[in-house]
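Data first, discussion second: the structure below is written as structure tokens.
No lab work stands behind these numbers, since they all come straight from the coordinates. Quantities reported herein were computed from a predicted structural model and do not represent experimental measurements. Every residue, glycine among them, receives a Cβ derived from its backbone with ideal geometry; neighbour counts consider all protein chains shown.
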Amino acid sequence: MSVVSSMLRNVAIIGHNETGKTTLVEQMLFYADVISRVETIASGKTTSDYTEEEIANQISIHASLASMEWQGKRLNIVDTPGTSGFIGETIAAFRATEAALMLVDGRVGPQIETIKLWRRLDDSNTPRALFINKMDRDHADYTKVLDELKESFKATLVPVAIPMGSGKDFKGIINLIENKAYFANPDGKETSGDIPAEFADLAEEYRTLLIESAAEGADDLIEKYFEEMTLDVGDIRRGLQEGLHDNRVVPVLCGASAQGSGLLSLLNFIGNNFPNPIGYTDAIITEDGREEQFPITDEGLAAALVFKTTIDQFSGKLSFVKVMRGTIKGETELYNSVVSRKERANKVYRLIGKKLVETSALTAGDVGVIAKSNISATNYTLVEGGDQKFSFKPIDFGQPTYSLAISSDDKKSEEKMNEALHRVSEEDLTFQIKFNEETKENVVAGMGDLHLNMILDKVREKQKININTKLPRVAYRETIRGKSGVVEYTHKKQSGGHGQYGRVLIEIEPLERGQYYSFTNAIKGVAISKGYIPGIEKGLHEQMEEGFLAGYPMMDIGISLVDGKEHSVDSSEMAFKLAAKGAMKLAIAKAGPVLLEPIVKLNVYIEEEYLGDILSDLSGKRGRVLGQEDIGHLQMVRALVPQSELLNYAIDLKSMTSGTGSFEMEFDHYEPLVGKGADEVVKAYKDSLEEA
Ligand SMILES: Nc1nc2c(ncn2[C@@H]2O[C@H](COP(=O)(O)OP(=O)(O)O)[C@@H](O)[C@H]2O)c(=O)[nH]1
Ligand SMILES: [Mg+2]
């Protein structure tokens, strides 16, 4: 059965590692009668952590779908990994969902990934609710965690469920909307009843707060509230729904996922209050390259984005799609608007962990899977009919934080290694493998050492090959710091037969950073025929590509051709190319050549106690701290740091923060490198020339 779009609820379950997300999703499936028995992380049989590596490591590595029906609504739940190395999966999940449920450990409170994920949700203004989990743990403390969350985030947090006791005394939760207690039952599903007398005052206090916040959700509710000093259940729901839809309020639920406690309130809340996809938009790139908002609507020809791709042992390639418009059925003829090729869905499925469940259709807003697609890949746009020429804006998976140069023992193993790793990079867009022409190294890059090592280990094992790794060389650049003045160079070979002749006079000067290259033909008159100018430009380019100091490409140089001379017989494009190259070399030498090193923008997230160590380490790494932010008891440090100092930061930061620290980085700009650092780079280049 296809589902009416307004009945859909797509929710990404997110949060720091080990907050109980996978366990929660297992319980949701149990409560929705999709599975008859709850499996645990320890049993290795949960619905969403089903791959070999997830079972072996007991953590979620991939985003997995869990589709279920709840009181007439279709819930597409995406369980995501909480480890920063697998953030790509979470980023993909965000694109398929309209809202997120963030889990927080009821004993620990907000953690580093909580903060990072929250910031991502803020960037996209995504509606979200919180679930304070593991209330059955010793020292779990709802009020303390709620206060910490309020301190960490500038948002209106509104409790809609509170716990009855905690630790060994945990009895269940109170649903403040319904004003009812739900008693935990570790051996089955929770049961509802009256609020026990000992919690009555607490519940009343929180319920008043809830009603006030709900009233603020809509103007007419505020009036009603002031008249009657209360709201009924329907009004509370509507107030929360509107507040959540516009991301003005963040409802807070709670429970203990391992016991299935809080599940009924959560499922009801998602069904009643979470937004449906209609009214939201996605981004497209039009045929002429403009970015536009694309409303999710069930009317019109089908259009869908492939947000994830996996290879299934039995079913072949699985393309995870988010339908943005119209309806996709098995027989729908789909075109890939990017490569303009036809493909047919044949069948469409919903997914429950690894289990494919055939469905008749996926309507706008729905999330599902097309199997055995021969061409589609992550970020492809699938459209019905060949004339839709737009494409959905590709998911931006961010920049890698860790790279390694790799090699294997012999040519055959290298081939195997490259082939296997290229296949990985098709499924996992946060993993890249590239031969770096500048450094002559085969480089893999990913979201951290855990991410890379897991991939390399798998390939080592499956292909039975060695993969050697080392830190990669940095891709420096070169430029000039001053003007060269006019230099001249003549390329001349006139001994017998057809000779070669070309003479050029040029002048070079620095351009602003990031301009790369400019060329002006400033010759007055016709000293050099027009036909030779392309040859001259080629020569200039070639010298810029070859570099001057250490073999790295040059950038940000403006070149004027001021004069020259040609020979009626011996001149040729080739002769002028060589003349220009020679002139360029002389000009660079006179213009103060200098190395440029890449500087990255770094965000480091740490617990307060490590701040001193992190700052002094950054200054030892030639870093420039730009700012520092308190986020509750956590800290974020923003800095600009030379890339060469951060090659091993994934590992350095772990050891400085007992594994808790986390960071993101992206290339920012190039800066001159002088002194000892530059001498070392030049020496390494000269040594490599001697070796060769
Ligand atoms: N005490 C307690 N432990 C839980 C609860 N939920 C999950 N766990 C345990 O916490 C660990 C991590 O759970 P998991 O579902 O993998 O968390 P995820 O990393 O967020 O997906 C596992 O050992 C679970 O059994 C809970 O409500 N209470
Ligand atoms: Mg998990």
Would you please name the trypsin sites (Lys or Arg not before Pro) within the stretch 1-107 that are DSSP coil residues with at most 15 other C-beta atoms within 10 Å of their C-beta?
37, 45
What are the ³J(HN,Hα) values, in whole Hz, obtained from phi via the Karplus relation 6.51 cos²θ - 1.76 cosθ + 1.60 with θ = phi - 60°, for each residue of the stretch 181-195 in sequence order, with x given for Gly and Pro?
9, 10, 8, 5, 9, x, 9, x, 8, 5, 10, 9, x, 6, 6
Which whole-percent values make up P(r) of the chain when all C-alpha to C-alpha distances are grouped in 20 Å steps starting at zero?
16, 40, 30, 12, 3, 0
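Please report, in debye to the nearest 20, how large the charge dipole of the stretch 333-453 is about its Cα centre when each Lys and Arg carries +1 at its beta carbon and each Asp and Glu carries -1 there.
On the way: 16 positive and 19 negative charges, 111 e Å.
Magnitude of the dipole: close to 540 debye.
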Whole-percent pair-distance distribution, where bins are 10 Å wide, for the alpha carbons of the stretch 402-473
21, 61, 18, 0
Evaluated at 10 °C and 1.306 mPa s, the Stokes-Einstein D of the stretch 595-678 based on the Kirkwood radius over Cα pairs, in µm²/s, stands at 121 µm²/s
If you find the alpha carbon centre of the stretch 198-224 and of the stretch 66-111, how far apart are they in angstrom?
27 Å
The stretch 622-672 and the stretch 158-184: distance between their alpha carbon centers, rounded to Å:
40 Å
Residues 484, 413 arranged by fewest to most Cβ contacts within 10 Å
413, 484
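Pulled fully out, how much extra length does the chain show between residue 43 and residue 333, if you take 0.36 nm times their separation in residues and subtract their Cα-Cα distance? Kindly include the intermediate steps, with their values, before the conclusion.
On the way: separation 290, 0.36 × 290 = 104.40 nm, distance 4.24 nm.
Gain in length upon complete extension: 100.2 nm.
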14 Å Cα-Cα reach of residue 411 towards aspartates and glutamates, excluding residues that sit fewer than 8 places from it in its own chain:
419
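Please give the calculated 222 nm ellipticity per residue for the chain, where each DSSP H segment of at least 4 residues contributes -39500 (n - 2.57) and the sum is spread over every residue; nearest 500 deg cm²/dmol?
Values: 16 runs with 201 residues, N = 692.
Calculated mean residue ellipticity at 222 nm is -9000 deg cm²/dmol.
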Please work out how much length the chain gains when fully extended from residue 409 to residue 33, using 0.36 nm per residue of separation minus the C-alpha to C-alpha distance, in nm with one decimal.
130.1 nm
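To the nearest 20 debye, what charge dipole does the chain have about its Cα centre, counting +1 at the Cβ of each Lys and Arg and -1 at the Cβ of each Asp and Glu? Present the calculation step by step, with values, prior to reporting the outcome.
Details: 78 positive and 105 negative charges, 519 e Å.
With Lys and Arg at +1 and Asp and Glu at -1, about 2500 debye.
Just want the ordering: 419, 690, from fewest to most Cβ atoms lying within 10 Å of their own Cβ.
Working: 419 11, 690 6.
Going from least to most buried by this count: 690, 419.
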Please list, ordered by chain and number, the residues whose modelled amide H lies under 5 Å from the amide H of residue 15; skip anything fewer than 5 residues away on the same chain.
103
For the stretch 478-591, percent of DSSP beta bridges that are antiparallel (nearest 5) comes out at 70 percent
Going by C-beta contacts inside 10 Å, put 34, 104, 674 in order with the fewest on the left.
674, 34, 104
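For the stretch 425-490, which trypsin sites (Lys or Arg not before Pro) pass both filters: DSSP loop (anything but H, G, I, E, B) and at most 14 other C-beta atoms within 10 Å? Mind showing how you got there, number by number?
Numbers: sites: 434, 440, 458, 460, 462, 464, 470, 473, 477, 481, 483; in loops: 440, 464, 473, 481, 483.
Passing sites in the stretch 425-490 are 440, 464, 481.
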